[in-house]
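The next block holds one structure in the form of structure tokens; read it before the comments.
The values are calculated or read from the model by the stated rules, or taken from the named source; none is laboratory data. Quantities reported herein were computed from a predicted structural model and do not represent experimental measurements. Reconstructed Cβ throughout: ideal geometry from the backbone, glycine too, with neighbour counts over all protein chains shown.
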Amino acid sequence: MWQTYRVGTQNYLYHPSRMMLVDCGPGKDQARKLKRAAGEIRAILLTHAHADHYGGMPYLLSVFPQLTILVDPREIPFLRDPVLEPALLFGGLPPQALSGPFLLGPGNLPFQELHPALFPEIEFLHLPGHTPGLLGIAMDETLFTSDALFGLEIVEKYPILYHFNPEEALQTLRSLPERFTTFLPAHGSQGGKELLQVNINALERVFEILTDTVSQRTVPLETLLRNTMASLSPVKTLDHYFLNRSALLGYVSALERRGAITLELRDGEILVYRS
């Protein structure tokens, strides 16, 4: 039977018989609170390799040196070289603004590849989109979605939801089994099927805004990104800017792969127009 813990706005799971914690937060403070709540921890399952989900690992390893860290093999490259996460947002060596604990995780972790067959009592679900190897966990009619889905307060605050592949994220949400009636995200409050629809609507809205904009006229890519951010989610910090920019580029790429829009380089500028 899973236990759920909430630290700040993040949700975590703990499996008492396995003494397994699911994710450990962005830093020492969150990890210390999780250790206090769980007591003994022998294993940590990482739902995906984003720093805000494993930044507390060095503290837990200092308390439990024999800790087993399990992760889907598709996430391993980002654990081997944590700078890849902020580099993905920036497009190259990231600036200091992208080197905080929520984006740049610790390195040299003794992680192991997860083999689900070794945990027959746990139902893992592959929920790709936010990252390639993101894992969810089924708990009867409740699905712990990690970052495949966000709580209502998160969607309202950050309407441009970050997913590495928003097309795949949308497909994942649309194809979730009907048996799930409650969804527990890693960020924000749980909800029922209405929360699932809120997340689907948020993704579709960004696609629609981008499509509507380029259907009216040819738009420089940078203008498209800037105006979409300004209308949906004005930013005040560099890290939020690059998070939104990277997210929007994923939506643009998905539309181009659908055949809905065309990208063209003209006079040193990338233009976007309806196909």
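Residue-wise test of (1) buried (at least 22 other Cβ atoms within 10 Å of the Cβ); (2) of a type in the set (D, E); (3) assigned to a strand (DSSP E or B).
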| position | (1), (2), (3) |
| --- | --- |
| C24 | yes, no, no |
| K33 | no, no, no |
| A37 | no, no, no |
| E40 | no, yes, no |
| H48 | yes, no, no |
| S62 | no, no, no |
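The residues of the stretch 212-234 that are surrounded by 16 or more Cβ atoms within 10 Å (Cβ to Cβ) and either hydrophobic (A, V, I, L, M, F, W, C) or within 19 Å of the chain's Cα centre (by Cα) (or both), listed by number, are V214, V219, L221, L224, L225, M229, L232, S233.
So, I44, is that one part of a helix (DSSP H, G or I), among the β-branched types (V, I, T) and either modelled with pLDDT of 95 or more or under 27 Å from R179 (Cα atoms) (or both) or not? Before the answer, list the steps.
On the way: part of a helix (DSSP H, G or I): no; among the β-branched types (V, I, T): yes; either modelled with pLDDT of 95 or more or under 27 Å from R179 (Cα atoms) (or both): yes.
So I44 fails the test.
Checking Q190, Q197 one by one, the residue that is assigned by TED's automatic domain parsing to the domain that holds P86, of a type in the set (S, T, N, Q) and surrounded by fewer than 18 Cβ atoms within 10 Å (Cβ to Cβ) is Q197 and no other.
Within the stretch 197-217, residues that are at negative phi sit with their Cβ atoms under 6 Å from residues that are of a type in the set (D, E, K, R) and surrounded by 12 or more Cβ atoms within 10 Å (Cβ to Cβ), at 6+ positions apart or across chains, in these pairs: V214/R274; S215/R274. Specify the residue that is nearest to E167 (Cα to Cα); the eligible residues are those in the stretch 221-275 that are at pLDDT below 95 and touching a Phe, Trp or Tyr at 6+ places or on another chain (Cβ under 7 Å). So, considering only residues that are at pLDDT below 95 and touching a Phe, Trp or Tyr at 6+ places or on another chain (Cβ under 7 Å), the one nearest to E167 (Cα to Cα) is S233.
Per-residue answers, yes or no, for (1) in contact with a Ser or Thr (Cβ under 7 Å, 6 or more places away or on another chain); (2) of a type in the set (D, E, K, R):
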residue: A117; (1), (2): no, no
residue: E123; (1), (2): no, yes
residue: L127; (1), (2): yes, no
residue: H130; (1), (2): no, no
residue: G133; (1), (2): no, no
residue: M139; (1), (2): no, no
residue: T142; (1), (2): yes, no
residue: A148; (1), (2): yes, no
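For the stretch 253-275, a residue qualifies if it is free of Cβ contacts under 8 Å to residues at least 12 places away in the same chain and surrounded by 11 or more Cβ atoms within 10 Å (Cβ to Cβ), and the qualifying residues are S253, E256, E264. Based on what the data block shows, is E113 within 30 Å of S17 (Cβ to Cβ), out of contact with any helix residue (DSSP H, G or I) (no Cβ under 6 Å at 6 or more places or on another chain) and of a type in the set (D, E, K, R)? The answer is no for E113. Elements of the type helices (runs of 4 or more DSSP H) sitting completely within the stretch 159-275 and holding at least 2 residues that are of a type in the set (S, T, Y) and under 20 Å from G133 (Cβ atoms): these cover 238-258.
Any chance you could count how many residues in the stretch 64-86 are touching a helix residue (DSSP H, G or I) at 6+ places or on another chain (Cβ under 6 Å) and either closer than 23 Å to L243 by Cβ or assigned to a helix (DSSP H, G or I) (or both)? Steps first, please.
Here is the first cut: in the stretch 64-86, the residues touching a helix residue (DSSP H, G or I) at 6+ places or on another chain (Cβ under 6 Å) are 67, 78, 84-86.
Okay, now just the ones that are also either closer than 23 Å to L243 by Cβ or assigned to a helix (DSSP H, G or I) (or both), so 78, 84-86.
The total comes to 4.
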